[in-house]
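Notes for the one structure printed next.
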Amino acid sequence: MSRLTAVEPQNAAPAVKPMFDSFIAERGAVPNMFRTLAHAPDLLKTFFDHFRAALAEGEVPVRIKEMVAVRVSHLNCSRYCLGSHTGLAKRFGVTDAQIEALQGRGSADFTPAEKAAVDFAEGLTNGDVTEAIFAALRKNWSERAIVEIACVACVFNYTNKFNSALHTDLTVYPKKLG
């Protein structure tokens, strides 16, 4: 059970309503993490903008960003983020075998670029990005892409710890949108 109440969309501050509306349009519900952050609208706004920018399609495809999210969330034992991002990863084409491998349960094929991104995210999370890990990352990705990958890994280290500490309830999404 969550340690804090989640702000109901109808009770959200005026500055928060557009963010909530975008989630409802996209997912049919506002994720509980964002509903919890809504207690501090200024923090929600800056986090929302950073989260959206980090996870948006850039030089690194969203599919690989979701792989990073799943791996970091697994390493941090974040039930909340794994609950959301394993499903999103599948929506972006990550296979069931890859999901299992990202969660330490089996093996799967990854391209060298995917493996480099995931290994870097693991090293970042564990506090040990070795020269070998970084060399593989640099071999497969540009400097802009490395910044994108690092930001995604850092965002998930943040959200994993936030949601675990506050025992944020898993978000229940409607079965079908529209």
Hey, among GLU100, GLU143, which residue is modelled with pLDDT of 95 or more and more than 14 Å from MET67 (Cα to Cα)? GLU143
Among the candidates VAL129, VAL152, VAL94, which residue alone is closer than 30 Å to ARG3 by Cβ and outside the structural domain of VAL30 (by TED's automatic domain parsing)? VAL152
Test result for ARG144, surrounded by fewer than 17 Cβ atoms within 10 Å (Cβ to Cβ) and either free of Cβ contacts under 8 Å to residues at least 24 places away in the same chain or among the β-branched types (Val, Ile, Thr) (or both): no
When the residues of the stretch 109-141 are narrowed to those that are outside any helix (DSSP H, G or I) and not hydrophobic (A, V, I, L, M, F, W, C), which ends up surrounded by the fewest Cβ atoms within 10 Å (Cβ to Cβ)? GLY127
Could we say that GLY87 is in the same structural domain as THR159 (by TED's automatic domain parsing) and on the phi > 0 side of the Ramachandran plot here? no
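The values are calculated or read from the model by the stated rules, or taken from the named source; none is laboratory data. Just so it is clear, the structure is predicted and the values come from calculations on it, not from any experiment. Every residue, glycine as well, gets a Cβ built from its backbone with ideal geometry; the counts of neighbours run over all protein chains shown.
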